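Enquirer: Before anything else, here's the structure in question.
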Amino acid sequence: MLYERALRVLPGSYKLWSAYLRERVHVCRDVAPTSRAWESVNRAYERALVFMHSMPRVWLDYAALLARQGHVTRTRRAYDRALRALPITQHA
């Protein structure tokens, strides 16, 4: 995949990660939330957070995605991790 190669070269690019994650979610939009395809999207978000842990939008999108899949505990843990990773000035 083109995005995968680009992210290997520029892992700190917010725009690349954002476009890649939107594309991954778009591909799975018609798939049941319990499908394995969503786990692949979740793993992509986890990889993005390794580099984009200081970006609130990535955290919010990931938590919303988990909530939409019905993962209550994972959603809560994602919000907790976000609060720990983000500076207090970015807490809303």
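The values are calculated or read from the model by the stated rules, or taken from the named source; none is laboratory data. Since the model is a prediction, treat every value here as computed from it, not as a measurement. When we count neighbours, we look across all protein chains shown, and the Cβ atoms used for this are built from the backbone with ideal geometry, even at glycine. In case anyone asks, the SASA skips ligands and DNA or RNA and just uses the protein heavy atoms, side chains included. Shrake-Rupley method; radii C 1.70, N 1.55, O 1.52, S 1.80 Å.
Enquirer: Being under 9 Å from the mean Cα position of the chain (by Cα), under 16 Å from Tyr3 (Cβ atoms) and surrounded by 12 or more Cβ atoms within 10 Å (Cβ to Cβ) is the filter here, so list the residues in the range 20-45 that pass it.
Expert: Leu21, Val41, Ala44, Tyr45
Enquirer: A follow-up question, please. From the list Arg36, Arg81, Arg57, which residue is modelled with pLDDT under 95 and out of contact with any Lys or Arg (no Cβ under 8 Å at 6 or more places or on another chain)? Working first, answer last.
Expert: Working: Arg81 fails: modelled with pLDDT under 95; Arg57 fails: modelled with pLDDT under 95.
Only one candidate qualifies: Arg36.
Enquirer: (1) in a helix (DSSP H, G or I); (2) open to solvent by 40 Å² or more (accessible area, probe 1.4 Å): which one isn't true of Leu7, the others all being true?
Expert: Leu7 satisfies all of (1) in a helix (DSSP H, G or I); (2) open to solvent by 40 Å² or more (accessible area, probe 1.4 Å) except (2).
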